[in-house]
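**Student:** Handing you this structure, nothing more for now.
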Amino acid sequence: MTKSLTKIISAVAVLLLITITSVMLYAFSGGITGVTKKGLSPGCTCHGPSPTSSTQVSFIGPDTVIAGQSVQYTIVVANSTQVAAGVDIAVERGTLAAANSQLRLQSGELTHNSPIGFTSGSVSIPFNYTAPLTIGLDTIYANGNAVNLSGTSSGDFWNFAANKKIVVKNASSIKEVSNKIPDGFELKQNFPNPFNPSTKIRFALPANSNVILTVMDINGKVVAELYNGALKAGSYEYDFNAKNLSSGIYFYKLSADNYSEVRKMSLIK
């Protein structure tokens with residue numbers, strides 16, 4: 001092989017590499033998912049091999065939410081030397097939604113539509129989070145990339161946000177309707193039934209009890225944990241809102257110490 005042919009092949013290879021890199025960077029400028037600490041391949045490695053402390057990524061929003069509640073959070077990306085940012089946001093149990101045109105939902109995660117410009121070295125991007133219907137802990141993950149818009153990955157710096165831990169708690173829609181001590185445990189039929197989307201669930205406790213009130217689908221899967229905690233003796237009412245559930249037959253179950261009872265209800269939308 002002649003030297004001139006070798007040079008031509010080398011030049012073509014370099015040009016091809018540059019073209020492929022440019023295409024990848026252009027595609028990724030519209031955002032990718034799966035690169036948070038939740039993903040199988042965490043890290044925005046197309047813009048650098050490892051996270052950089054010069055880029056700070058953080059969340060603003062409540063630490064506690066009600067089961068099924070929708071709340072707006074903000075992700076902040078900051079880097080004093082850069083001009084724009086991209087993000088990937090994921091959640092463990094709840095659901096995410098874009099709050100404006102800056103983000104889009106892709107594979108259950110939020111990512112940018114195009115690089116989002118900085119103001120004074122940072123940008124604040126709102127997004128919506130809806131808590132699961134079952135209480136417990138949830139986690140929001142994020143990766144932020146601060147870029148210089150040079151058209152290459154050179155000089156771009158990314159970092160993870162600290163995982164946002166959220167406590168999903170019982171709704172405050174349970175109320176005592178009578179402090180008269182009942183004769184025994186009782187789970188009453190919900191009213192109205194059928195219902196859309198709200199109904200009242202009443203129950204009675206003859207003694208102080210540890211109470212778990214849940215809703216199950218027709219297959220017995222728990223789709224909502226309405227209450228889990230201690231209640232004193234008395235009669236109670238829970239306002240159950242099923243706006244996040246589909247039409248169908250559901251069962252609600254009261255467990256109180258050694259007592260357990262299940263009733264059926266119909267959601268018709």
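Nothing in this text is a laboratory measurement; each read-out follows from the coordinates by a stated rule. It should be emphasised that the depicted structure is a prediction, and the values quoted were computed from it without experimental measurement. So basically every Cβ, Gly included, is an ideal-geometry build from the backbone, and we count neighbours across all protein chains shown.
**Student:** Run the simple label-point estimate for Asn128 and Ser198 please: 7 Å along Cα→C-beta, distance reported in nm.
**Tutor:** In this crude spin-label approximation the distance works out to 1.9 nm.
**Student:** Can you give me the long-range amide H partners of Ser247? Hydrogens built in the peptide plane at 1.01 Å from N, cutoff under 5 Å, separation of 5 or more residues or another chain.
**Tutor:** Correct list: Lys269.
**Student:** Through the Karplus equation 6.51 cos²θ - 1.76 cosθ + 1.60, θ set to phi - 60°, convert the phi angles of segment 218-232 into ³J(HN,Hα) values in whole Hz; use x for Gly and Pro.
**Tutor:** After applying 6.51 cos²θ - 1.76 cosθ + 1.60, I find 5, 8, x, 7, 6, 9, 7, 9, 7, 8, 8, x, 8, 9, 7 Hz.
**Student:** What number, in nm² with one decimal, is the all-direction average of the projected area of the convex hull of the alpha-carbon atoms of segment 174-267?
**Tutor:** Mean projected area for segment 174-267: 5.4 nm², to one decimal.
**Student:** Counting pairs on different chains as well as pairs 8 or more places apart, how many Lys pairs in segment 174-267 have Cα atoms under 22 Å apart?
**Tutor:** 27
**Student:** What Kirkwood hydrodynamic radius do you get for segment 134-224 when you take the inverse of the mean 1/r over all pairs of distinct Cα atoms, in Å?
**Tutor:** On the way: mean 1/r = 0.0543 Å⁻¹.
Result for segment 134-224 stands at 18.4 Å.
**Student:** For segment 64-69, take each phi angle, set θ = phi - 60°, evaluate the Karplus expression 6.51 cos²θ - 1.76 cosθ + 1.60, and give the result in whole Hz per residue in order, putting x for glycine and proline.
**Tutor:** 10, 9, 7, 3, x, 6
**Student:** Now for a separate question. Evaluate E = 1/(1 + (r/R0)^6) for Ile268 and Ile212, where r is the Cβ-Cβ distance and R0 equals 30 Å; express this FRET efficiency to the nearest 0.05.
**Tutor:** That gives a FRET efficiency of 0.70.
**Student:** With an 8 Å cut-off on Cα pairs and a minimum separation of 6 or more residues, tell me the relative contact order of the chain in percent. Spell out each step's value before the answer.
**Tutor:** Values: 676 pairs, mean separation 45.6, N = 269.
RCO, the chain: 17 percent.
**Student:** Mind checking the dipole of segment 62-175: about its Cα centre, +1 per Lys or Arg Cβ, -1 per Asp or Glu Cβ, Debye to the nearest 20?
**Tutor:** Charge dipole of segment 62-175: 360 debye, to the nearest 20.
**Student:** Using only the Cα atoms of segment 29-169, construct the convex hull and provide its projected area averaged over every direction, in square nanometres to one decimal.
**Tutor:** About 7.6 nm², averaged over all directions.
**Student:** Given the C-alpha centroids of segment 190-269 and segment 41-75, what is the distance between them in whole angstrom?
**Tutor:** What the calculation gives is 35 Å, centre to centre.
**Student:** Taking neighbour counts of Cβ atoms within 10 Å as a proxy for exposure, in what order, fewest first, do Glu237, Glu92 appear?
**Tutor:** Listing Glu237, Glu92 from fewest to most nearby Cβ atoms yields Glu92, Glu237.
**Student:** Also, quick follow-up: Which angle between 0 and 90 degrees, to the nearest 10, do you get for helix 3-28 versus the longest principal axis of the chain when only C-alpha atoms count?
**Tutor:** Around 30 degrees separate the two axes.
**Student:** Any chance you could get the radius of gyration and Dmax over the Cα atoms of the chain, in Å?
**Tutor:** Considering the chain through its Cα atoms, Rg and Dmax are 26.2, 101 Å.
**Student:** Would you mind getting me the FRET efficiency between Lys221 and Gln69? Use the beta-carbon distance for r and R0 = 25 Å, nearest 0.05. If you can, show how the numbers build up before the last one.
**Tutor:** Numbers: r = 21 Å, r/R0 = 0.85.
Once the sixth-power term is evaluated, E becomes 0.70.
**Student:** With label points built 7 Å along Cα→Cβ from the Cα atoms of Val167 and Asn241, find their separation and express it in nm.
**Tutor:** Output for this residue pair reads 2.2 nm.
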